[in-house]
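Asker: Provided herewith is a single structure, encoded as C-alpha cells, for subsequent inquiry.
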Amino acid sequence: MSLSHTAAEYMLSDALLPDPSSSRAKGLRLELPSDRLLKFVTVGLPLCLVSLAFAREFSTGSQISCFSPTNFTGKQSAYTDTACWDSLIHHGFDAEGRAVTKSLWALKVFPYSLLVVAVLMYLPYLLWRYAAAPALHCDLLFIIDELDKSYNRSVRLVQHMKKVQQASAEPERFWEEYERARRERYFEFPLLERYLSCKQHAHALVFIYILRNLLLLLFLAATCLYLVFLHLNIFFQDEFSCSIKTGLLEAEPHIPSLIPCKLVFFSVFQLISLSVGSVYVLLIPVVIYNALQLCQWDKGLLSVYEMLPAFDLLSRRMLTCPLNDLNVILLFLRANISKLTSFSRLNAVSALREATANKEDIDTVIDFMTLLAGLETTKPKH
C-alpha cells in the first residue's frame, strides 16, 4: 500500500467520533438558560427577602410601638403593645364623624405571603420537571446519539468508497454508481428523519412548555396585583389608632379609648414589596419572549446537518406551524450543543464550503472527506 493510501486511511480513522461516554446522559440540560434564570430569580428573591424580614423581627423584638399613657406601668405598656399587635385594627372616623375600623392584618401575614409566592413560582418548574423532562431527556439522548452516529456513518462510507475505488478497474463507472445512489437516496438516515418527522406532529412537550410559561406569567401578574393592592390600601399607613378597651378592660375609666401606635417594620416591608414588584414586572417580558420563541423555527442547527448525505428534513418538512415538539427539541438541542460532538465538525465543514472557490465540489460531508482522501482527481464535477 502506498504512503498516500496509508495517510488517507489514518486521516479517515481520526475523523470518526469517539464512542459516547455514559456521562452524556447525566449532563443533559433539561432547562433553557432563560428558564433557569427565571426560576432562580422568581423563587430565590422572595425567599431571600423573607429571610431578611424574619431576621429583623427576631433581632429587634416587637414590631410595633404604642404610645401608652404616662400613668401606665411597664407591664401595662407591654400588654398594650401585645394587644395592639394581635388585633392590628385601625380605629378612625370618616368624613361624617362616624367610627370606622380598618384591618391591617395583611401587614402581619406579609412575610408568609411571600413564602406562598415562592412556592407558587416553583410550581411551573415542578410541572416541567415531572411532566415533560423525562420524555425530553429520552428524546435528546436518542437524537444526539443518532446525529453523531450519522456523521460516523458518513465517514465510514467514505472509507468503504475509498477501498472500492482503489479496487475498481473503471473509476468512471464507480462515480456513476455513486451519483445514482445519491439520487435514489441510498445514503439517507430513515430512522432519525422519521423520528424527527413524528415529533413534528406531536404536541405534548410544546403544550407543557407553554402551560409552564402561562402559569408563571399568571403568578407574576397576580403577585404584582397583590403588591399594588397592599400599597394602595395599607402600605401608606404606618401609624394607626388602637383600642384596648375590650374584655376585662372595657369598663376601666382610666384607659383611653384610642392609643396611637406606629409600625416599626413598615419601611422594611415597603422596600421588600417594591423590590419584589419591580423585579417581577421586569421578568414578565422575559416570560413572554420564552413563549413566543416557539412561534418560529430554529433552523440554524439542522441546517448544518444538511451536510450529511440525503438529510434534508429542514428543506422538505419544516414548512408547517412551528408549535410542535420538534421545535421544542431543537431549542434544547441548542442548549446542549456541547454534547453534540459532530456539530462542531460539520460546522467547520460548512464554513469551509462557503470559503471554497468551487462550492459545487462540496455538497455533503462525504464530498469533503473524498477530497481529503485524495479522490478528487477522478471525481466528476456536478
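The values are calculated or read from the model by the stated rules, or taken from the named source; none is laboratory data. As the structure is a prediction and not an experimental result, all values here were calculated from the model. In this analysis, Cβ positions are derived from the backbone assuming ideal geometry, glycine residues included, and neighbour counts consider all displayed protein chains. The protein model used for the area step is the full one, side chains on, heavy atoms only, and it has no ligands, DNA or RNA in it. Shrake-Rupley method; radii C 1.70, N 1.55, O 1.52, S 1.80 Å.
Asker: On the given criteria, is Tyr209 in a helix (DSSP H, G or I) and either on the phi < 0 side of the Ramachandran plot or at pLDDT below 80 (or both)?
Answerer: Answer is yes for this residue.
Residue-wise test of (1) part of a helix (DSSP H, G or I); (2) of a type outside the set (Phe, Trp, Tyr); (3) modelled with pLDDT under 95.
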{"site": "Leu218", "(1), (2), (3)": "yes, yes, no"}
{"site": "Leu227", "(1), (2), (3)": "yes, yes, yes"}
{"site": "Gln237", "(1), (2), (3)": "no, yes, yes"}
{"site": "Phe240", "(1), (2), (3)": "no, no, yes"}
{"site": "Lys245", "(1), (2), (3)": "no, yes, yes"}
{"site": "Leu248", "(1), (2), (3)": "yes, yes, yes"}
{"site": "Glu252", "(1), (2), (3)": "no, yes, yes"}
{"site": "Pro256", "(1), (2), (3)": "no, yes, yes"}
{"site": "Cys261", "(1), (2), (3)": "no, yes, yes"}
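Asker: Return the only residue of Ser59, Ser13, Ser4, Ser23 being at pLDDT below 55 and surrounded by fewer than 10 Cβ atoms within 10 Å (Cβ to Cβ).
Answerer: Matching residue, one of Ser59, Ser13, Ser4, Ser23: Ser59.
Asker: Here is a list of conditions, (1) outside any helix (DSSP H, G or I); (2) modelled with pLDDT of 90 or more; (3) among the acidic types (Asp, Glu), and Glu96 meets all of them except one; can you say which number that is?
Answerer: (2)
Asker: Filter the stretch 261-292 for residues that are open to solvent by less than 40 Å² (accessible area, probe 1.4 Å), among the polar types (S, T, N, Q) and either without any contact (Cβ under 8 Å) to a residue 60 or more places away in the chain or closer than 30 Å to Pro322 by Cα (or both) and give the result.
Answerer: Correct list: Asn290 only.
Asker: If you take the residues in the stretch 270-323 that are under 20 Å from the mean Cα position of the chain (by Cα), not basic (Lys, Arg) and not in a helix (DSSP H, G or I), which one is modelled with the lowest pLDDT?
Answerer: This residue is Asp298.
Asker: Somewhere in the stretch 76-88, is a residue of a type outside the set (A, V, I, L, M, F, W, C), more than 14 Å from Pro256 (Cα to Cα), part of a loop (DSSP other than H, G, I, E, B) and at pLDDT below 75?
Answerer: no
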